[in-house]
Structure formats: structure tokens, C-alpha cells
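Have a look at the structure below, then the notes.
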Amino acid sequence: MRLFVSIDLPDALADAVADVQKPLRDAKGLTLVDPQQTHVTLKFLGDVDEDRLADVEEAIETAVDAAAVGPFEATVAGLGVFPSLDYISVVWAGVEDGADEMTRLHEAVERETTAIGFDAEDHEFTPHVTLGRMKDARGKETVQRAVGGDPPNLGSFRVEQVRLTESTLTPDGPTYETVTRFSL
């Protein structure tokens with residue numbers, strides 16, 4: 001199972017995501033994420049044997065409890081890229097309100113999952129929603145213009161749970177299925 005821990009955006013924000021993606025559609029080499037599948041990844045676990053699933057679920061449950069984060073409001077706004085505007089691999093929308101809570105959840109999930117043998121992240125956590133992935137630099141200027149424009153506000157939503165999500169890679173892109181929900 002290919003797993004990650006996420007906070008999913010509600011369907012109500014899918015149209016806003018699609019609107020923000022419009023100027024990016026012409027960027028050659030950029031693959032856009034399905035607006036219906038957008039989320040904030042708290043921790044990517046990768047391929048996990050099914051016999052480890054109970055341990056993973058227990059670790060996430062412990063992490064959510066330890067983070068002591070109750071339900072909160074999150075706002076998705078602004079655009080950015082990883083790792084830099086000169087070399088773009090990911091185009092994202094940022095999290096403004098709710099970023100501190102998401103960071104606390106990430107840190108707790110990171111601590112608990114590394115304690116059971118998962119690799120630690122090798123970069124600083126930035127709460128974000130991936131909008132697209134660059135395969136090559138042909139559309140770099142289009143992305144740079146979009147990121148340099150007026151920062152969009154995609155909207156706000158209430159975060160009440162964290163999800164353990166399974167990602168299945170298909171020729172048409174990944175599909176996601178919730179394995180377990182953890183209430184805040």
C-alpha cells in the first residue's frame with residue numbers, strides 16, 4: 001500500500017482550485033492535480049506492507065492525540081513553488097490560517113512514524129496544497145508569471161480530521177482512498 005497522512009480539502013473548494021489552475025494549463029511540462037483530490041500532506045509514508053497497517057494507524061492516533069489540536073479553520077491562499085523559481089518541480093497554494101495547527105500535527109506525526117521505522121523528512125515542512133508537478137522546464141515562464149501575479153485566495157474550510165490515505169498510481173494519475181480517519 002502506498003500511504004500518506006493528509007488533511008483533505010473539501011469538495012466546496014474544488015472550483016476555486018480549478019480557477020487558480022487555469023493560468024497554469026498552458027504551461028508545457030506541467031501536470032495539474034485533479035481539483036477534487038487536493039489535500040495537505042502531513043507525512044508521505046510510501047510503500048507500506050499491509051501487516052504494518054495497525055502499527056501505522058496506532059502511531060497516527062497517538063500523534064493526533066499528542067498534538068492536542070482541536071478542530072480549526074484553515075485558509076488556502078497565495079502561490080509558491082518548490083524548490084525555487086529557477087528550478088520548479090511543484091506548484092502549490094499555501095496555507096495561511098491554520099498553518100500552525102498543521103505544523104503541530106505534522107511534527108507529531110513525524111515523531112511517531114519515525115519512532116516505528118519510517119524515514120524522517122529531509123526538508124522543512126511547509127503546509128501547502130499541490131496544484132501541479134513540473135516534468136520539465138518548457139512551461140517555466142508561464143508558471144513564474146502565475147506565481148508572480150496577485151496572490152489568490154482559494155477560501156477557508158474547517159479541519160476536523162486527519163486521514164491516512166492510500167494512493168494508487170494509474171496511467172490517468174493517482175487515485176486516493178481514505179484508509180482511516182482520525183478526529184481532532
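Helix-only estimate, please: 222 nm mean residue ellipticity of the chain, summing -39500 (n - 2.57) across DSSP H runs of length 4 or more and dividing by its residues, to the nearest 500.
Per the formula, -8500 deg cm²/dmol.
Residue by residue through region 20-32, what is 3J(HN,Hα) from phi via Karplus (6.51 cos²θ - 1.76 cosθ + 1.60, θ = phi - 60°)? Round to whole Hz and write x for glycine and proline.
These are the phi-based 3J(HN,Hα) values: 5, 6, 3, x, 8, 4, 8, 6, 5, x, 9, 9, 7 Hz.
For LEU184, which sequence-distant residues (separation of 5 or more, or a different chain) have an amide H within less than 5 Å of its own amide H, given hydrogens modelled in the peptide plane?
It is GLN161, VAL162, by chain and number.
What residues qualify as long-range amide H neighbours of LEU154, i.e. H under 5 Å apart, gap of 5 or more or another chain, H built at 1.01 Å from N?
VAL76, ALA77, GLY78
So for the chain, taking the charge dipole from beta-carbon charges (+1 Lys/Arg, -1 Asp/Glu), which of ALA108, ALA137, LEU184 sits furthest toward the positive end?
ALA137
Run through region 67-141 and list the trypsin sites (Lys or Arg not before Pro) located in a DSSP loop whose Cβ has at most 15 other Cβ atoms within 10 Å.
Here the trypsin sites (Lys or Arg not before Pro) that fit, given the DSSP loop and packing criteria, are LYS135.
Just want to confirm a number: the relative contact order over region 111-184, from Cα pairs under 8 angstrom separated by 6+ residues, in percent.
Once divided by the residue count of region 111-184, the mean separation gives 20 percent.
Suppose a student asked you for the relative contact order of region 2-183, using Cα pairs under 8 Å spaced at least 6 residues apart; what percent would you report?
34
Rg/Rh for region 2-183 to two decimals, with Rh computed the Kirkwood way over all alpha-carbon pairs. Working shown, then result.
Numbers: Rg = 16.3 Å, Rh = 16.9 Å.
When Rh is taken as the Kirkwood radius, the ratio is 0.96.
Loop sites only, by DSSP: take the GluC sites (Glu not before Pro) in the chain that have at most 16 other C-beta atoms within 10 Å and name the longest stretch containing none of them.
1-95
Got a sec? Which residues in region 148-168 would a label at ASP86 touch, if it sits 7 Å along Cα→Cβ and we count backbone N under 20 Å?
Counting backbone N atoms under 20 Å from the label point, the list is 148.
Given contacts defined as C-alpha pairs under 8 Å and at least six residues apart, what's the relative contact order of region 20-105, whole-number percent? Display every interim value, and only then the final one.
Details: 56 pairs, mean separation 20.0, N = 86.
Contact order relative to length: 23 percent.
Hey, could you get me the Stokes-Einstein D for region 1-106, Kirkwood radius over alpha-carbon pairs, 37 °C and 0.692 mPa s, rounded to whole µm² s⁻¹?
So the translational diffusion coefficient is about 208 µm²/s.
What list of ³J(HN,Hα) couplings, whole Hz, do you get for region 48-58 from phi and the Karplus terms 6.51, -1.76, 1.60, once you set θ to phi - 60° and write x for glycine and proline?
In residue order, the calculated couplings are 10, 5, 4, 5, 9, 4, 4, 5, 5, 4, 5 Hz.
Computed from the coordinates by the stated procedures, all read-outs in this text should not be read as laboratory data. Note that the structure is a prediction, hence the values are computed from the model and not measured. Here Cβ is always computed from backbone atoms with ideal geometry, including for glycine, and neighbour counts include all displayed protein chains.
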